[in-house]
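A short reminder: the numbers here are calculations on the coordinates, not readings from a lab. Bear in mind the structure is a predicted one, so any value in this text is a computation, not a measurement. Positions of Cβ are generated from backbone atoms using ideal geometry, with glycine treated the same way; all protein chains shown enter the neighbour counts.
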Amino acid sequence: MEGGVTKGRDLLSGRLFVLSTPEELARAAAGRLWGITRERAMVLGRSGKGARRITVALSGGNTPRLTLSALSSEPYRSRFPWDLVHFYQVDERWVSPDDALSNQRMLRETLVSRAPVPPDHFHPIDTSLSDPREGVRRYEEMLRRAFPGTTGGLPRFDAVLLGLGADGHTASLFPGSPVLEEGIDWVAKTEGGDPPVPRITLTLPLLNASSHVIFLVSGKEKSLVLEKILTGKGGGLPASRVAPRRGKVTFLADKDAASRLEGKSVPPPRGGDVRDRKGGAA
Ligand code: 6PG
């Protein structure tokens, strides 16, 4: 492992980079987000037409904390195109926004309050309402306003940061959940996970319409499920169903999470499978 990162490995479900520590993982993830948004900013700059907006959806949980702190610090703080980037939530627990379990609170503490994010560039899921179903309706409505012209289509996030649960869940899409079969709605209510509270989540069709998905995976407890997903044995696990049709998937994992993949031969990407398109360096 040279300089804390392995050479990217093309796998069945994306590209894997293994970082030596959770801190290295966070820096690599911040670098990846910067790389994606900078590239997009250049394209927008060149085209000069259309809304000059870059859209990034962020997951909750613990692993993103270090990444968002790294993004809010140098060398990314002064380089990141904050004026163009709009941040959305991938999912939320149905708790009040100032609750310690709130993903919105985590995102405010690690990014929004620490980096020069323009006040109207953070679009949280509103959990101050009485009914999570109303939360779903309002968030989908807000996304439809934010992505005009996608009637009948799906909004295309420029980047989506996802985590991975030891049970194979991602976002708040849990194994066996009927929401996994959702084919129309952009946002849904689910139950489960830890904490076992009602949740609001983006659905698979939306995740699979994005340009870049970055999975952040840290810790030994994730090694078995990561091995399953990256060796094509993920079956119907939610995370293994994240496969953007016209997009890239990058797995950034620390050494512990990738410990079961060391020296393991993994099936090469299927021919012509969009997902085997090369991702940039971590
Ligand atoms: C949540 C998340 C969830 C998370 C995974 C991994 O609200 O809990 O969005 O999908 O990404 O559970 O969580 P960790 O990063 O804490 O391991």
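A few notes on this one:
- Qualifying aspartates and glutamates (Cα of each under 18 Å from Cα of LYS220; at least 8 residues distant if same chain): GLU23, GLU24, ASP167, ASP194, ASP254, ASP256, GLU262
- Cβ-Cβ FRET estimate between GLU141 and ASP99, R0 fixed at 25 Å, reported to 0.05: 0.55
- Over 21 Å between alpha carbons, listed pairs LYS222/LYS255; LYS228/LYS255; LYS189/LYS222: LYS189/LYS222
- Computing Rg and the Kirkwood Rh from the Cα coordinates of the chain gives a ratio, Rg/Rh, of 0.93.
- For the peptides 228-240, 55-67, 183-195, the ranking by mean Cβ contacts within 10 Å, running from highest to lowest, is 55-67, 228-240, 183-195.
- Each listed q (0.13, 0.20, 0.25, 0.30 Å⁻¹) maps to a log10 I(q)/I(0) for region 80-144, found by the Debye formula over equal Cα scatterers with no solvent: -0.36, -0.81, -1.13, -1.34.
- Inter-probe distance in nm under a simple model that places probes 7 Å from Cα toward Cβ, at ARG133 and ARG52: 4.3 nm
- Between SER73 and ILE184, the C-beta separation translates, for a Förster distance of 25 Å, into a calculated FRET efficiency of about 0.05.
- For the chain, relative contact order (Cα pairs under 8 Å, six or more residues apart, normalised by length) works out to 25 percent.
- Label point distance in nm, ARG246-GLU221, each placed 7 Å from Cα along Cα→Cβ: 3.9 nm
- Pair ASP167, ASP120: separation of 7 Å Cα→Cβ label points (nm): 4.0 nm
- Across region 53-169, C-alpha contacts under 8 Å between residues 6 or more apart give a mean separation that, scaled by the residue count, equals a relative contact order of 35 percent.
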